[in-house]
Amino acid sequence: MNLMKQYKTVLSVINRHQKFLVSTHHNPDADAICSALSMAQFLKSKGKTVQVLNEDPCPQWLQFLPGSSTLKKAADIKKIDYEVAIVTDCGDLKRVGGVAKFLQAGKPLINIDHHVTNDQFGTINVVDSKASSSCEMMFNLFEEAKQPLNKNLAILLYAGIMTDTGSFRFENTSAHTHAVAEKLMAFKFSATDMYDRLYIGIPVADMKPFTDLIHKAQLVDRNRVYCVSLSKKLAARFSKSFDLKEKLFAFLRSVEGIEVVVILTEIGPKEIRINLRSQGDFDVARLAQQFEGGGHRKAAGCKIYDSLTQAQKIICQAIHKDL
């Protein structure tokens, strides 16, 4: 089934139902938050009842976005009455975390995503690995629905596209991506202000721990791979409003000759989240799949269930084999 037919199928299901649950992956980034919130606003504009849930709360640095206060943490909700669930920007259903307990067999589950590693977990799957972002896909869906945009929707869609394309620098940026951005900017929001809010600088209080962390980053595999390990104790030193990982990725990827950057974050004593970014030809999505993760060729993630030290050894060995 081609994408336009898939969009029509989604719209047909939406038109036939009234109550919706919208979610996205845990530890959400801007594209995840913005695609979920834009879907919720679209549904509400059609008179639907919507609940937006996530395993985690909306990150502080994204709480300026329209509708962010409507996102609820799954652990705070006891029961949801819904007819259709829509999950955006999520490569596999395990990534919705605690939201999964609300999903009921027999009810439609719409999966809208752009990750090449998406495992088609929905009863209806709209997966476009050529799209720059899930927000670009939302724009396409709204166009198919002949949905009039407004400034709030434009801000959400632009924010998701801007961040997932690295401010229109990454290879997933297409001519269509720029055409979509042009249409969104017609709503007269400030792209400069958007950039400043999404790519905030380093707070003064975080400067010393950040430089300490950069100093401790390990350069391995003939100076081609940077590894940063974040224990719970170390992560707690930083402001909650500071998007530490993105700042680390931006800084370390700028080092000459670096092909892969790895950030390991301690979630529990034997649970380590791995975030991966690459440059050149290295495919981190394929690497992440070895550990039941996924993502894009140049941005992916997974988990390793071991100690922080051992997890770094395991992931670096896997990278070495692929390099």
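A few points about this structure:
- One residue stands out among those in region 198-226 that are of a type in the set (Val, Ile, Thr) and more than 26 Å from residue 162 (Cβ to Cβ): the one that is surrounded by the most Cβ atoms within 10 Å (Cβ to Cβ), which is 225.
- Test: residue 187 is at pLDDT 95 or above and open to solvent by less than 60 Å² (accessible area, probe 1.4 Å): no
- Residue within region 3-22 that is more than 20 Å from residue 107 (Cα to Cα) and in contact with a helix residue (DSSP H, G or I) (Cβ under 6 Å, 6 or more places away or on another chain) present: no
- Search result, residues across region 237-258 that are open to solvent by 30 Å² or more (accessible area, probe 1.4 Å), out of contact with any helix residue (DSSP H, G or I) (no Cβ under 9 Å at 6 or more places or on another chain) and more than 21 Å from residue 306 (Cβ to Cβ): 250, 253, 254, 255, 256, 257
- As for region 3-13, it holds no residue that is in a strand (DSSP E or B), open to solvent by 10 Å² or more (accessible area, probe 1.4 Å) and either over 23 Å from residue 150 (Cα atoms) or not charged (D, E, K, R) (or both).
- Residue within region 252-275 that is hydroxyl-bearing (Ser, Thr, Tyr), closer than 25 Å to residue 90 by Cα and at pLDDT 95 or above present: yes
- Residue match in region 209-224 (condition: touching a strand residue (DSSP E or B) at 6+ places or on another chain (Cβ under 9 Å) and β-branched (Val, Ile, Thr)): yes
- Subset tally (residues that are in a loop (DSSP other than H, G, I, E, B) and free of Cβ contacts under 8 Å to residues at least 40 places away in the same chain) for region 294-321: 3
- Verdict on residue 229 being among the polar types (S, T, N, Q), assigned to a loop (DSSP other than H, G, I, E, B) and open to solvent by 20 Å² or more (accessible area, probe 1.4 Å): no
- Those strands (runs of 3 or more DSSP E) lying entirely in region 30-101 with at least 3 residues at pLDDT 95 or above and crowded, with 16+ Cβ neighbours inside 10 Å: 49-54, 84-88
- Within region 138-186, considering residues that are basic (Lys, Arg) and assigned to a helix (DSSP H, G or I), the one nearest to residue 7 (Cα to Cα): 183
- Region 14-27, residues that are closer than 30 Å to residue 60 by Cα, open to solvent by less than 50 Å² (accessible area, probe 1.4 Å), modelled with pLDDT of 95 or more and not aromatic (Phe, Trp, Tyr): 21, 22, 23, 24, 25
The values are calculated or read from the model by the stated rules, or taken from the named source; none is laboratory data. The structure displayed is predicted, hence computed values, not measured ones. When we count neighbours, we look across all protein chains shown, and the Cβ atoms used for this are built from the backbone with ideal geometry, even at glycine. We work out accessible area using only protein heavy atoms, side chains counted, and drop any ligands, DNA or RNA first. Shrake-Rupley method; radii C 1.70, N 1.55, O 1.52, S 1.80 Å.
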